[in-house]
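Remarks on the structure that follows.
The values are calculated or read from the model by the stated rules, or taken from the named source; none is laboratory data. Since this is a predicted model, take the numbers as computed values, not measurements. Cβ placement follows ideal geometry from the backbone for every residue including glycine, while neighbour counts extend to all protein chains displayed. Each accessible area value is taken on the protein alone, full model and side chains, heavy atoms only, with ligands, DNA and RNA left out. Shrake-Rupley method; radii C 1.70, N 1.55, O 1.52, S 1.80 Å.
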Amino acid sequence: MATRKDESGNGVVLETSKARTAPPPMYKVMLLNDDYTPMDFVVVVLQKFFNLDRERATVVMLQVHREGRGVCGVYPRDVAATKKEQVNTFARQHQHPLVCVMEEN
Ligand code: TYC
């Protein structure tokens, strides 16, 4: 809904119009498998940065372990980029090779 003055500046014209702004592009944040990062550490990462409970975190961790990669969550670009950086920094602080990436959904 939009309101504007008519050309004379007197009356008010009411228009119904759909919002035509495109939804923001969304990005999958994903973990990649490796042979060295402990499973328990990956579960902690999924709980800490992606707000998963222990059971859901374990499901995602096992998917990554078995299939090579898995989706932790889907977010707008800036949120996805921040989470990816936070996970990679946290993994390096703990000397684990865990890699987190993002890709457009
Ligand atoms: N493959 C690892 C192991 O056997 C576990 C692991 C799971 C590592 C998920 C990374 O993103 C990952 N200890």
Residues of the range 86-101 being more than 14 Å from the ligand (Cβ to nearest atom) and open to solvent by less than 90 Å² (accessible area, probe 1.4 Å), in sequence order, are GLN86, THR89
message: Kindly evaluate GLY73 against the criterion of being of a type in the set (Gly, Ala, Ser), in contact with a Lys or Arg (Cβ under 9 Å, 6 or more places away or on another chain) and under 17 Å from MET102 (Cα atoms).
response: yes
Among residues of the range 66-85 being within 15 Å of the ligand (Cβ to nearest atom), of a type outside the set (Asp, Glu) and surrounded by fewer than 16 Cβ atoms within 10 Å (Cβ to Cβ), the residue nearest to PRO24 (Cα to Cα) is VAL71
- Message: So for the range 35-42 (the condition being within 9 Å of the ligand (Cβ to nearest atom), among the hydroxyl-bearing types (Ser, Thr, Tyr), more than 19 Å from GLU104 (Cβ to Cβ) and buried (at least 16 other Cβ atoms within 10 Å of the Cβ)), does at least one residue qualify?
- Response: yes
